[in-house]
Amino acid sequence: MTIIIFVLTLWYGGLFFQSFFLHRYAAHQVFTMSKRMERITFILTWIFQGSSYLSAYGYGIMHRMHHAYTDTENDPHSPSYDGSLFAMMWKTKTVYQQINNQKIAVAPHFTQNVPQWKEFDKFASSLISRLLWIIFYVFFFLFFVTAWWQWLLFPIILLMAPIHGVIINWFGHLYGYVNFKMKNTSKNLFRFDFLMMGEGYHNNHHKQSSNADFGVKWYEIDITFLVIKLLHRFQLIQLK
């Protein structure tokens with residue numbers, strides 16, 4: 001039971017900070033926060049994403065490019081141009097690393113106001129950091145595993161952030177329903193997005209990318225947005 005709780009905590013904790021911080025704040029800036037709150041969120045993102053930590057800078061720019069070039073050859077991740085799920089994952093990783101390490105030229109409008117904490121990102125993205133997290137995960141599993149099948153969950157926590165990305169960027173462009181007919185393949189994965197905390201309303205998001213609430217229909221409850229509203233009420237962030 002401890003292992004299940006641990007995996008679920010990392011799944012939903014990592015997912016929340018990917019959606020709240022990397023996606024809605026870094027890429028779309030649908031709310032603002034103080035510099036101190038931003039630094040705290042950087043650290044919390046590292047804690048919950050662990051070995052699969054993604055920087056706000058690399059993610060934010062890459063996601064803006066995804067919106068600008070959806071389902072074209074310049075899209076960093078598109079089932080329309082990547083032959084398989086794994087090919088898309090590899091391309092996404094390559095583009096992300098090139099952006100994050102500033103090895104490719106990026107148009108200024110993609111980088112405008114994207115949060116960056118170079119010193120922290122250098123550590124959090126380092127091989128040492130990732131290895132330390134993996135070692136921690138191994139010892140945690142060794143201590144708390146009660147059945148062999150629980151080890152099947154181990155790869156999930158190692159690759160948590162990429163798995164979250166694949167669910168939306170691969171399956172969210174192949175399967176589901178649409179509320180808005182658009183010139184791209186974006187779809188809503190679930191009527192009620194219990195798995196991805198609102199990120200699964202991908203068609204809605206492509207239509208209204210500056211909207212903090214990804215839900216449109218009454219049954220499309222965006223769990224991440226509910227937390228955002230709570231943080232806004234307590235004045236930890238400021239919704240635009």
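The values are calculated or read from the model by the stated rules, or taken from the named source; none is laboratory data. For clarity, every value in this text was computed on a predicted model and none was experimentally measured. When we count neighbours, we look across all protein chains shown, and the Cβ atoms used for this are built from the backbone with ideal geometry, even at glycine. In case anyone asks, the SASA skips ligands and DNA or RNA and just uses the protein heavy atoms, side chains included. Shrake-Rupley method; radii C 1.70, N 1.55, O 1.52, S 1.80 Å.
Computed quantities for the displayed model
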| quantity | calculated |
| --- | --- |
| Filter pass, residue 126 being at pLDDT 95 or above, buried (at least 16 other Cβ atoms within 10 Å of the Cβ) and either in contact with a Cys (Cβ under 7 Å, 6 or more places away or on another chain) or within 29 Å of residue 154 (Cβ to Cβ) (or both) | no |
| Selected residue (only one of 55, 19, 34 is at pLDDT 95 or above and within 24 Å of residue 128 (Cβ to Cβ)) | 55 |
| Residues satisfying the stated conditions in segment 191-208, i.e. closer than 22 Å to residue 163 by Cα and open to solvent by 10 Å² or more (accessible area, probe 1.4 Å) | 191, 192, 194, 195, 197, 199, 206 |
| Matching entry among 214, 180 (being surrounded by 20 or more Cβ atoms within 10 Å (Cβ to Cβ), part of a loop (DSSP other than H, G, I, E, B), touching a Ser or Thr at 6+ places or on another chain (Cβ under 9 Å) and modelled with pLDDT of 95 or more) | 214 |
| Scope segment 73-109; condition hydrophobic (A, V, I, L, M, F, W, C), within 18 Å of residue 187 (Cβ to Cβ) and open to solvent by 30 Å² or more (accessible area, probe 1.4 Å); matching residues | 85 |
| Condition check for residue 7: part of a loop (DSSP other than H, G, I, E, B), out of contact with any strand residue (DSSP E or B) (no Cβ under 9 Å at 6 or more places or on another chain) and open to solvent by 10 Å² or more (accessible area, probe 1.4 Å) | no |
| Positions within segment 89-103 being part of a loop (DSSP other than H, G, I, E, B) and polar (S, T, N, Q), in sequence order | 101, 102 |
| Contacts under 7 angstrom Cβ, first residue in segment 28-43 being more than 13 Å from residue 232 (Cβ to Cβ), partner of a type in the set (D, E, K, R), 6 or more apart | none |
| Condition met for residue 86 (modelled with pLDDT of 95 or more and assigned to a helix (DSSP H, G or I)) | no |
| Total residues in segment 217-240, condition in a loop (DSSP other than H, G, I, E, B) and touching a helix residue (DSSP H, G or I) at 6+ places or on another chain (Cβ under 8 Å) | 3 |
| Positions within segment 151-177 being open to solvent by 50 Å² or more (accessible area, probe 1.4 Å), in a helix (DSSP H, G or I) and within 14 Å of residue 79 (Cβ to Cβ), in sequence order | 171 |
| Criterion (closer than 24 Å to residue 39 by Cα, in contact (Cβ under 8 Å) with a residue 24 or more places away in the chain and assigned to a loop (DSSP other than H, G, I, E, B)) met by exactly one of 106, 114 | 114 |
| Failed condition for residue 15, given (1) under 14 Å from residue 121 (Cβ atoms); (2) touching a Ser or Thr at 6+ places or on another chain (Cβ under 9 Å); (3) assigned to a helix (DSSP H, G or I); (4) hydrophobic (A, V, I, L, M, F, W, C) | (1) |
| Residue within segment 146-167 that is modelled with pLDDT under 95 and touching a Lys or Arg at 6+ places or on another chain (Cβ under 7 Å) present | no |
